[in-house]
Amino acid sequence: MPFLISHNELFAHSESIGLWKRLRLQYISAPILKLFRHALPRMSQTEKDALQAGTVWWDGELFSGKPDWDKLIDIQLAKLTEQEKAFIEGPVEELCSLLDDWDITQNSKDLPAHVWQFIKDQRLFGLIIPKQYGGLEYSALAHSAIVLKLSSRSISAAVTVMVPNSLGPAKLIMEYGTQKQKDYYLPRLAAGEEIPAFALTSPTAGSDASSMTDYGIVCYEQFEGKNTLGIRLNWEKRYITLGPVCTLLGLAFKLYDPEQLLSENTERGITLALIPTHLPGIKIGRRHYPLSQTFQNGPNSGKDVFIPIDWIIGGQNYAGKGWQMLMESLADGRSISLPALSTGAGKLASRAAGAYAHIRKQFNRPIGDFGGISEALTRIAGNTYIMDAARIFTVTSIDLGEKPSVASAVVKYHLTEKMRHTVNDAMDIYGGAAICMGPRNIMGRIYQAVPISITVEGANILTRSMIIFGQGVVRCHPYVFKEIDSANSQHKMTALISFDKAFFAHIIHVVRSFFRTFFSAVSDGRLSKTPRQVTKEYHQASKRYYQKLSRLSVAFALLSDFCMITLGGKLKQMENLSARLADILSYLYLSSAVLKQYHHDQAYAEDKALMQWSCESLFYDSQQAFDGVLANLPNRSIAILLRFLIFPLGMPYQKPNDRLARSVAQRILTPSAARDRLTQGIYCSANIHDPIGRLDNALLKVVRAEQAEKKLQQIFKTGQINPHQIINNKIPDYLELIHQACQQGLINELELKLVYEAHIARSDVIKVDDFDQQLNLNGG
């Protein structure tokens, strides 16, 4: 296509284009458009489909450099309906009570038959399927809440439920299926008559779907006694969740039409089809063993499997559109399932590690009193608050009809990473009790499962270094997508006019960002607007955080533009730089979610410390990411200029101080409404034989006995009773000593009872599992 517009072509549009604009188009915009096209990096069709998928939400505000905080406050966070609440408090709670994760993972290596049946009977495979097809048609928030609760009880059960409701045949049929496919399959999927799985990954193609070797050839063959137009398939897949037991396989493959039976195009591209697994040539049933988790997962393959052409999801018209379909649907799964599972792990760690740190004593003090333990507890509580805020904020976008492709990548990466750090901290607090596997171990199986979430639905390394900023800068930037779309237009005049409009608006945007960045940095955002819809008390607590976030947003907008200007298409290959830019965008998004959640819960003053710690931590992390980009930007002159504009007075943000950190840790060390609110949504049994029930029971008893225990420690310290006295060649144990104190009138009967109950409960909590010499693991 010619890149320059001739004078005659412009003259033909003279009635609608003024003289100055004609000159600008011909002598400025047209040459720049030519250079722009040349500088654009080459993109595969799968990359183009990914960039075009989804919608832009709050991430677009952050890229603008001038986020509208009133718009943020006006967003109504999603709420569960009464029906959804009843389902979670009823069938989901009952399902959790049926689960014995130690038995599932250690002995049966599968969910018990009665659990599978319960899941089907309660239509847990049909959470997202419309009611008209027999599904529950629940909101994204309900879907998230269900996965969260299940994950706090059993990762294997949570994965079994969440996968059919995220990226799978049901979602794809709902979005793209023919009416015949919807009428037949959706009722069967909702009732559990079909077990679905989706097969994408193959041995040679993981994240790089364009390398897929699985293929289908369009041809005529005999099928059920008729000469039928269809596809002969050959594939080899692995890592397919529910694959070993599925009856309906959604399959991704490359479609070829060498005889041009569908069209003149012989290479149709990635296509999705529905494959009943009973067909001849399909091998299915073998399992992988993902880090001791026993949800059904395994390989499958097909050799010369023939299917009718109308088994393509959406029918023949959707041949070759598979990758675009997947990208548009993937946002839901990444926004809901893995963030919910990660948040469930964080909430469980908060409740369990906080209670354990109060119950467990060393040197006659609860280990939660020690600075190192308190520091870990702070990270657990603070990161859990961030995860829950981001989870709710993002599923709200789904319930509002958005398909947030960039935001979904942000929460997938950062919430699974925060789960990793949170679970590691909980393991450190538990110490030896965490590394001894058995029915009593709360964190062990979750710790083992963490890398699974890190790896699936877009490996985290890839998500951070290539997807978040790479996709975000195109989709969310106010002008880049318009410029690229213009450059790819086949209509020369339309392309030039739309490019000219976007390009000069982009220039104005950069100039404004240039000056706003400097003045915002000098004032640390004090000139920035804050939301109007806040109470005075709340406003004072959060005002400066909104302003600082505005400062970081405009600096990010400027930095992004200069990286694109100076690096052009090379930025795509500079993955470390892209990863740091992705971090900045992510921290801005997470900070926004925290402020939104705090505003939503502003009646809870106890959450102020959590909000402050979260924002200050995220701002510090953002600052470090800015520093990393500026230190590694190839054009050093530009880097020096940008550092002066962004940090003219030096880097201002520090990690949260120890006083604030201790305040955050206290939120999970003692029973309180704040602790219950932070850990709301997980499965908490009142049964003292259940790990969480045992902890909660012990925590209450230990707290009630604290004054009496302090009194006893003083008695021992002053020598009124010698705890090391030897009587009949024996040193009395603790229970004997407290009874002796009561007999001597040093403590009363009530104090004796409180201390006795606390001691028994504490002893029960700190027990670890042991087994026979052969490690027969069937019982603890």
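The values are calculated or read from the model by the stated rules, or taken from the named source; none is laboratory data. These numbers come from a predicted model, not from an experiment. Quick reminder, even Gly has a Cβ in these numbers, built from the backbone with ideal geometry, and neighbours come from all protein chains shown. Side chains are part of the model used for accessible areas, which takes the heavy atoms of the whole protein and leaves out ligands, DNA and RNA. Shrake-Rupley method; radii C 1.70, N 1.55, O 1.52, S 1.80 Å.
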Being without any contact (Cβ under 8 Å) to a residue 24 or more places away in the chain and either among the basic types (Lys, Arg) or open to solvent by 10 Å² or more (accessible area, probe 1.4 Å) (or both) narrows it down to one of ARG643, ARG662, so name that one. ARG643
Among the candidates LEU274, LEU200, single out the residue that is within 28 Å of ASP183 (Cβ to Cβ), among the aliphatic types (A, V, I, L, M), open to solvent by less than 10 Å² (accessible area, probe 1.4 Å) and touching a residue at least 24 places away in the same chain (Cβ under 8 Å). LEU274
Does the stretch 381-411 hold any residues that are at pLDDT 95 or above, within 20 Å of GLU61 (Cα to Cα), within 12 Å of the chain's Cα centre (by Cα) and open to solvent by less than 10 Å² (accessible area, probe 1.4 Å), and which are they? ILE386, ALA389, ALA390, PHE393, THR394, VAL395, VAL410, VAL411
Looking at the stretch 74-106, which of the residues that are surrounded by 14 or more Cβ atoms within 10 Å (Cβ to Cβ) and of a type in the set (S, T, N, Q) is nearest to LEU150 (Cα to Cα)? THR105
I need every pair where a residue in the stretch 50-67 that is open to solvent by less than 10 Å² (accessible area, probe 1.4 Å) has its Cβ under 8 Å from the Cβ of a residue that is at pLDDT below 90 and assigned to a loop (DSSP other than H, G, I, E, B), sequence separation at least 6 or different chains. ALA53/LYS403; ASP59/CYS476; LEU62/CYS476; PHE63/CYS476; PHE63/HIS477; PHE63/PRO478
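Only one residue in SER329, SER342, SER350, SER301 is at pLDDT below 95 and not hydrophobic (A, V, I, L, M, F, W, C), so which one is that?
Details: SER342 fails: at pLDDT below 95; SER350 fails: at pLDDT below 95; SER301 fails: at pLDDT below 95.
Criteria check complete, one pass: SER329.
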If ASN576 satisfies all but one of (1) part of a helix (DSSP H, G or I); (2) touching a residue at least 60 places away in the same chain (Cβ under 8 Å); (3) buried (at least 17 other Cβ atoms within 10 Å of the Cβ), what's the number of the condition it fails? (3)
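What's the total number of residues in the stretch 153-169 that are among the hydroxyl-bearing types (Ser, Thr, Tyr) and assigned to a helix (DSSP H, G or I)? Can you show your working first?
Just the residues of the stretch 153-169 that are among the hydroxyl-bearing types (Ser, Thr, Tyr), to begin with: 154, 156, 160, 166.
Narrowing further to those that are assigned to a helix (DSSP H, G or I): 156, 160.
Final tally of qualifying residues: 2.
Each row is one residue, and each column tells you yes or no for (1) open to solvent by less than 60 Å² (accessible area, probe 1.4 Å); (2) assigned to a loop (DSSP other than H, G, I, E, B); (3) under 20 Å from GLY65 (Cα atoms); (4) of a type outside the set (Asp, Glu).
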site: LYS482; (1), (2), (3), (4): no, no, yes, yes
site: GLN490; (1), (2), (3), (4): no, yes, no, yes
site: THR494; (1), (2), (3), (4): no, no, no, yes
site: PHE499; (1), (2), (3), (4): yes, no, no, yes
site: HIS506; (1), (2), (3), (4): yes, no, yes, yes
site: HIS509; (1), (2), (3), (4): yes, no, yes, yes
site: PHE519; (1), (2), (3), (4): no, no, yes, yes
site: ARG532; (1), (2), (3), (4): no, yes, yes, yes
site: ALA541; (1), (2), (3), (4): yes, no, no, yes
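Quick one: which residue in LEU141, LEU150 is closer than 16 Å to ALA449 by Cβ, part of a helix (DSSP H, G or I) and either touching a helix residue (DSSP H, G or I) at 6+ places or on another chain (Cβ under 8 Å) or at pLDDT below 95 (or both)? First the steps, then the outcome.
Values: LEU141 fails: closer than 16 Å to ALA449 by Cβ.
The unique qualifying residue is LEU150.
Matching residues to (1) modelled with pLDDT of 95 or more; (2) in a helix (DSSP H, G or I); (3) open to solvent by less than 70 Å² (accessible area, probe 1.4 Å); (4) touching a Lys or Arg at 6+ places or on another chain (Cβ under 8 Å):
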position: GLY681; (1), (2), (3), (4): yes, no, yes, yes
position: ILE715; (1), (2), (3), (4): no, yes, yes, no
position: ILE738; (1), (2), (3), (4): no, yes, yes, no
position: GLY745; (1), (2), (3), (4): no, no, yes, no
position: ASN776; (1), (2), (3), (4): no, no, no, no
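Table: residues versus (1) closer than 30 Å to TYR604 by Cβ; (2) modelled with pLDDT under 95; (3) within 31 Å of the chain's Cα centre (by Cα).
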residue: VAL510; (1), (2), (3): no, yes, no
residue: GLU537; (1), (2), (3): yes, yes, no
residue: SER550; (1), (2), (3): yes, no, yes
residue: ALA555; (1), (2), (3): no, no, yes
residue: ASP561; (1), (2), (3): no, yes, yes
residue: THR566; (1), (2), (3): no, yes, no
residue: LYS572; (1), (2), (3): no, yes, yes
Scanning the stretch 118-158 residue by residue, the ones that are basic (Lys, Arg) and either within 19 Å of SER335 (Cα to Cα) or open to solvent by less than 20 Å² (accessible area, probe 1.4 Å) (or both) total 1
Test LYS608 against the stated conditions and say whether it is at pLDDT below 95, part of a helix (DSSP H, G or I), closer than 25 Å to ARG532 by Cβ and not hydrophobic (A, V, I, L, M, F, W, C). yes
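Counting only residues that are open to solvent by 10 Å² or more (accessible area, probe 1.4 Å) and part of a helix (DSSP H, G or I), how many does the stretch 454-472 have?
So in the stretch 454-472, the residues open to solvent by 10 Å² or more (accessible area, probe 1.4 Å) come out as 454-459, 461-462, 464-467, 470-471.
This time we only want the ones that are part of a helix (DSSP H, G or I), so: 454-455, 461-462, 464-467, 470-471.
Matching residues across the stretch 454-472 total 10.
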In this structure, is ALA625 among the aliphatic types (A, V, I, L, M), more than 25 Å from ASP676 (Cβ to Cβ) and in a helix (DSSP H, G or I)? yes
What are the residues in the stretch 747-774 that are among the aliphatic types (A, V, I, L, M) and open to solvent by less than 70 Å² (accessible area, probe 1.4 Å), if any? ILE747, LEU752, LEU754, VAL755, ALA758, ALA761, VAL765, ILE766, VAL768
Unique residue being open to solvent by less than 10 Å² (accessible area, probe 1.4 Å), of a type in the set (Val, Ile, Thr) and closer than 25 Å to ALA157 by Cα when the list is THR378, THR343: THR343
Pick from ILE692, ILE688: which is assigned to a loop (DSSP other than H, G, I, E, B) and within 15 Å of ALA355 (Cβ to Cβ)? ILE688
